[in-house]
Structures are given as C-alpha cells and as structure tokens.
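Trainee: Got a structure for you, questions after.
The values are calculated or read from the model by the stated rules, or taken from the named source; none is laboratory data. Fair warning: this is a prediction, and the values are worked out from it, not measured in the lab. We place every Cβ from the backbone using ideal geometry, glycine too, and count neighbours over all the protein chains shown. Calculation scope for accessible area: heavy atoms of the full protein, side chains included, ligands and nucleic acids excluded. Shrake-Rupley method; radii C 1.70, N 1.55, O 1.52, S 1.80 Å.
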Amino acid sequence: MNVDFFEAISKKLNFERLISAFNFDTLFMDILAKLKQIEELADVPDIQLQWMIDRSECISFNEGEYLFSPGMNIDKLLIILEGEFILKSKRNNQFQVIGKFAASTITGLLPYSRANEAKGYAEATKDSSVLRLDGSMFKEMIAQCHALTTAFVHTMSTRIRQFTKREQQDDKMISLGKLSAGLAHELNNPSSAVVRSAQELSKNLKYLPEKFKNVIKIKMTDEEVDEVNRILFEKVKNGVKSWSLIERSEREDEIMDWLDEEEVSDSDEIAANFTDFDIEIDELEQIKEKTGQDHLKAVIGWLNQVISTEKLVGEIEDASQRINDLVKSIKSYTHMDQAPEKIATNVHIGLDNTLTMLNHKIKREQIDVIKNYDDSLPEAALLQGPINQVWTNLIDNAIDAMSESTLKQLTISSKKDGEFVNVSITDTGSGIPEEIQGKIFDPFFTTKAIGKGTGLGLEFVQEIVRLQHNGAVYLQSKPGETTFTICVPIKASH
C-alpha cells in the first residue's frame, strides 16, 4: 500500500480526533481486525466491513465524557473499538448503573430500529474509541451489504430481548418495592401495638401481688362476691365500648368525680379504664354497698387491675390477629405454596388480598373503596399468581390516576357473563385521552411522568389475560370515570 492510498482513507474516515493508540500506517487493518473480533461481525465478508469503515468516522472519548445522554438524537450506529462506557439512568434525582458497554459492543441506531432518542447516559470509564456510522448510510448498506445488514438486525433483536427482560425485571422490582413498603407500614402498626401492650401488661402485673394482698383481707359473703363478679365479668364479656369524644369525656369526668369523693387514688387512670368497659355510677354504688366503705378502695383497685389487664390482652390479641391476617393475605396473594397451574378460583379473594397489599396507599390517598361483588359468581379456572398481578397493576394504576382528583372513589365490580367472569375496576381519575387509548397496551408506552413507570404494566395485563387465560381486556374512559374490564372464561381452555 502506498502513501496516497492512506491519505485517501484518512479523508474518507473524517477523524474528529486522531486516536493516539492507532498507528496511522496500520489504521485501516487495525480497525478491520477489531471488527473481525466482534462475535456478531465475525462472519461478515471483509469487503462489507471495509464498506462500513470507508463511510464511518472514528471518535475518541476521554474518561468521564458521554457517548450519549438523555434527549440526544439516536441517528448513528456506534461500535466500541476500545475502552468502556457505563450505562446509567436517573430516577428520583439519583443515578443508577444499569449496565456497561465494553469493547466490541454494538449500540446506537440499527437498521429498521425505531429508536430515536436516548433515555440514559453512557459515560466513558477510561479513554475509549468508537466507530460511528451515520444512519443516512443504512439505505445503501441494506442494498449492497446483505451479510452486514443481517448481522446488525440480529444484534437489534438480541438487544430488544435483553432490554425488555431488564425493563420487566425493573418493573417487577419497583412493584415489589411498593408492596414491601406498604407491608412494612401495615405490619409496623400492629407489631408496635403488641410491643407497647406487652410492656404495659408486664408493668401492670408487677403491681398485682400488693393489690391482691389488700383484696384477700376483705371479708365478704359468697353472695357479695358473686355480685361484684357479675358486674365485673359482664363488663369484660361485652368488651371495650366505642364512645364519641364528647361522650367519653363526660363519662370519665363523672366517674372521676365519684372516685375523688370516695378518696380513691389514681382516679384519672381508673376513670379512663372504667369508661372503656362502660362501668356506670350505679354499678359503682352497688359495689360500694356490697363491700362497705372500709374495703371499697381495695376492691376498686382490684377491679381496675383486672380490667386494665383484660384491655391489654385484648389489644395484643387484636394486633396479633391483624398480623396473622396480613401474613395469610401475603401467602394467598403470592400462592407460593401452590403449583403454577390453573385451578378453580374465587376472584373476590384475590381482589381482597390485593386491596390488603395496597391498603397503605389507599389510606394515604383517602380513597373510598366500593365493592359490588356478585356473591353467586362461580369460580373460574385461573393462574392465581399471574391474575393477582393483573389486579395489582390495574388497582395501583387506578390509585395513581386519582392523585389529583377531588372525588376519590375506587369501584370494583364482578358478574357472570355467559361462560365468562367479568371483573371491572373503575376510578374517578382524569381519564385517558381518546387519542392514546389505542396505545396504552403497547410495550413501554406510559402516561406517567419519567421515573414513575416503565410502561410495561398494561402490557403484562394484556399478556396474562389474553395469552395465559384466553380472555380479553376492555377499556372505557372519559374524564372522571375510567373502567378496565377483565373477561376470563370460567372453564380452563388450552
């Protein structure tokens, strides 16, 4: 090869920066050798690779410089010859590394690709060099370089699969994060109540021996003891009474005044406990009559001890039951103990479990939930885990749609329609504009702000209902009323 040939090559390559790592005398052969080392291009004839080199430019990047950033047009094919780039995305003002482009990576615009704008950042982690082919050359490449075009199309197909898989995983992790945060919130309240009540109970029982000693000194007939027991256990059996704030305040003041007149210590605490169990002044007078003035304080103290202990035990029981119910809902929601096959399923159970999972969000947004369930609805053959993902996506989207609404009402309805079960989920959000209703099930299409969603939720809904259950998804939307209806066959179909 003579000097004139290399001068011609250098003009065609149109270098923006001369890469010091390359020796000018061996530049063409070096780039060709690097391209031949790329697995996707290994079988492409040299003459077609030469065609690409002749029409490309070689660009160098220093460490910290960006190959692309959000909003940048994707109009060039990029091949990393040397170096490395990390791929980052920005969510909630924080950067997250989601991958990297090592040497031999093919990225950027590819033949038949519809990508037009970068969504993330590609930052050089070391000095790097990139071969760059303008997209305007694709028409000529498709006509003249079939093997090269095929290699890039295969690369695009692989990239789409990898990107979709990663986005699906990210979407699942985001959903899992939301559910985990909600469950942590829901579990925190009852678990804190258990700890608090257990501590109070332990403290309460420490005073029991002293009060018991005062009680056993009392000399009462069986009839008198029975009367006190009757009053006590009747109140315990009825449990804690619910009062309005005004009613409770009036009752506590009334009981406290009576206790103060009888010179009973801790009258404020006792009055609160006696009010909880609806002990009336007439009943306190009966107890005073049976025990006598000398033993009244001891009996009142004993009654307060029993009642407060019963109250604390009840709080622990209620909180523990809430935890137990929540754990059952989680287990039923995930169906982690069942094989992944269609079984006869009551859709109402799955809907209720999903509402439990999202209860923290429903309460936070102060949403009124209305259930119009058909109690005679037959069970349908469903994949319980996937169908719960459908309910989660639709209900979660409905909650988000009502974030700015004055009226926040979520209505869930069910009915039998021939050989199908229909479930409708309606929200009072702003609605979905008619011009985009046909796009909402497309992959990656989302109406949410950047970082709020990947656009895969409704695609999953469509896939689960149509492909896995041979059902259908219908949408009706107008401002103030959006309804998604899921229609699935009652009997399993294959």
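Trainee: From the list Ser104, Ser129, Ser113, exactly one residue is more than 17 Å from Ile74 (Cβ to Cβ) and touching a helix residue (DSSP H, G or I) at 6+ places or on another chain (Cβ under 8 Å). Which is it?
Mentor: Ser104
Trainee: Same structure again: State the number of residues belonging to the stretch 366-401 that are in contact with a Gly (Cβ under 7 Å, 6 or more places away or on another chain) and in a loop (DSSP other than H, G, I, E, B).
Mentor: Residues that pass the stated criteria total 0.
Trainee: From the list Gly451, Gly418, Gly455, pick out the single residue that is modelled with pLDDT under 85 and out of contact with any strand residue (DSSP E or B) (no Cβ under 8 Å at 6 or more places or on another chain).
Mentor: Gly455
Trainee: Anything in the stretch 79-94 that is of a type outside the set (Asp, Glu) and more than 36 Å from the chain's Cα centre (by Cα)? List them, or say none.
Mentor: Those that are of a type outside the set (Asp, Glu) and more than 36 Å from the chain's Cα centre (by Cα): Ile79, Ile80, Leu81, Gly83.
Trainee: Before we move on, is Asp400 more than 20 Å from the chain's Cα centre (by Cα), at pLDDT below 90 and within 28 Å of Ser89 (Cα to Cα)?
Mentor: no
Trainee: Before we move on, is Val306 touching a residue at least 40 places away in the same chain (Cβ under 8 Å) and either closer than 26 Å to Ser202 by Cβ or part of a loop (DSSP other than H, G, I, E, B) (or both)?
Mentor: yes
Trainee: What's the number of the condition Leu407 fails, among (1) within 17 Å of Thr485 (Cβ to Cβ); (2) assigned to a loop (DSSP other than H, G, I, E, B); (3) hydrophobic (A, V, I, L, M, F, W, C)?
Mentor: (1)
Trainee: Within the stretch 60-103, which residues are part of a strand (DSSP E or B) and touching a residue at least 60 places away in the same chain (Cβ under 8 Å)?
Mentor: Within the stretch 60-103, Ser60, Phe61, Leu67, Leu77, Glu82, Lys90, Arg91, Ile98, Gly99 qualify.
Trainee: Here is a list of conditions, (1) open to solvent by 40 Å² or more (accessible area, probe 1.4 Å); (2) part of a strand (DSSP E or B); (3) at pLDDT 90 or above, and Gln50 meets all of them except one; can you say which number that is?
Mentor: (2)
Listed here are the residues, each with its yes/no results for (1) surrounded by fewer than 21 Cβ atoms within 10 Å (Cβ to Cβ); (2) of a type in the set (D, E, K, R); (3) closer than 21 Å to Glu82 by Cβ.
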site: Ile98; (1), (2), (3): yes, no, no
site: Glu117; (1), (2), (3): yes, yes, no
site: Val130; (1), (2), (3): no, no, yes
site: Ala147; (1), (2), (3): yes, no, no
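Trainee: Name the pairs whose Cβ atoms lie under 6 Å apart, with the first residue in the stretch 366-390 and farther than 16 Å from Ala344 by Cβ, the second of a type in the set (A, V, I, L, M, F, W, C), and 6 or more positions between them or separate chains?
Mentor: Close Cβ pairs (under 6 Å, with a partner that is of a type in the set (A, V, I, L, M, F, W, C)) amount to Ile367/Leu410; Val369/Leu410; Lys371/Ile412; Val390/Val461; Val390/Ile464.
Trainee: Answer yes or no as to whether Ala344 is surrounded by fewer than 18 Cβ atoms within 10 Å (Cβ to Cβ) and modelled with pLDDT under 75.
Mentor: No, not satisfied.
Trainee: Further question: Filter the stretch 263-282 down to the residues that are surrounded by fewer than 14 Cβ atoms within 10 Å (Cβ to Cβ) and under 16 Å from Gln293 (Cβ atoms) and list them by number.
Mentor: Glu263, Ser265
Trainee: Separate question: Scan the stretch 44-57 and report the pairs whose first residue is at negative phi and whose second residue is assigned to a helix (DSSP H, G or I) and among the polar types (S, T, N, Q), with Cβ atoms within less than 7 Å and a gap of 6+ or a chain change.
Mentor: The qualifying pairs are Trp51/Gln144.
Trainee: Let me ask something else about it. Could you figure out which of (1) modelled with pLDDT under 90; (2) within 22 Å of Lys361 (Cβ to Cβ); (3) surrounded by 18 or more Cβ atoms within 10 Å (Cβ to Cβ) isn't true of Ile425?
Mentor: Status for Ile425: all satisfied but (1).
Trainee: Something else now. Output the residue which, of all residues in the stretch 77-96 that are more than 20 Å from Asp127 (Cβ to Cβ) and of a type in the set (Lys, Arg), is surrounded by the fewest Cβ atoms within 10 Å (Cβ to Cβ).
Mentor: Only one residue fits best here, namely Arg91.
Trainee: Considering only residues that are open to solvent by 50 Å² or more (accessible area, probe 1.4 Å) and at pLDDT 90 or above, look in the stretch 356-368 and name the one that is nearest to Ser413 (Cα to Cα).
Mentor: Within the stretch 356-368, the match that is nearest to Ser413 (Cα to Cα) is Asp368.
Trainee: With buried (at least 19 other Cβ atoms within 10 Å of the Cβ) and either at pLDDT below 85 or not acidic (Asp, Glu) (or both) as the only criterion, which of Leu377, Leu407, Leu382 stands out?
Mentor: None of the others qualify; the one that does is Leu382.
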